[in-house]
1. If the only charges are +1 at each Lys and Arg Cβ and -1 at each Asp and Glu Cβ, what is the size of the charge dipole of the chain around the Cα centre, to the nearest 20 debye?
2. Work out, step by step, the length gained on full extension between Glu75 and Arg26: first 0.36 nm times the residue separation, then minus their alpha carbon distance; give nm to one decimal.
3. How large, in percent, is the carbon and sulfur part of the accessible surface of the chain at a probe radius of 1.4 Å?
4. Rolling a 1.4 angstrom probe over the protein heavy atoms, how many square angstrom per residue are accessible across the chain?
5. May I ask you to order 59-69, 34-44, 15-25 by the average number of other C-beta atoms within 10 Å around their residues, highest value first?
6. For the chain, place one equal point scatterer on every Cα, skip the solvent, and apply the Debye formula. What is log10 of I(q)/I(0) at q = 0.25 Å⁻¹?
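The values are calculated or read from the model by the stated rules, or taken from the named source; none is laboratory data. From a predicted model like this one, the values you see are computed outputs, not experimental measurements. Because the Cβ atoms are built from the backbone with ideal geometry, glycine has one as well, and the counts that use them run over all protein chains shown. Surface accessibility is based on the protein's heavy atoms, side chains included, excluding ligands, DNA and RNA. Shrake-Rupley method; radii C 1.70, N 1.55, O 1.52, S 1.80 Å.
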Amino acid sequence: SGVVVLASVTEGRPSLIAAVTEDLVRRGLHAGELVKAVAQPLGGSGGGRPTLAQAGGKDASQLDKALAGVATWVEGKLTS
């Protein structure tokens, strides 16, 4: 049971991949919504399936800020 978000920067452009286990999808989490939210500080967007999604952005300097938002997003969804 868990959520994972991986990030990389290739040629100055950030990319994200998120995965959410099925039990947490049943509790309201969605990997596509997660990467879309996390990619906003990067000047990007993304989407995908409830269990696996990807996003891209333009501003790699905001990657730490973007990743810091993952836990907040997950906690918000699980407590609402």
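1. Dipole of the chain, to the nearest 20 debye: 160 debye.
2. On the way: separation 49, 0.36 × 49 = 17.64 nm, distance 1.48 nm.
Result for the pair: 16.2 nm of gain on full extension.
3. 52 percent
4. Here the per-residue accessible area is 58 Å².
5. Details: 59-69: 15.8, 34-44: 22.1, 15-25: 18.3.
Top to bottom by mean Cβ count within 10 Å: 34-44, 15-25, 59-69.
6. Each listed q corresponds, in turn, to -1.11.
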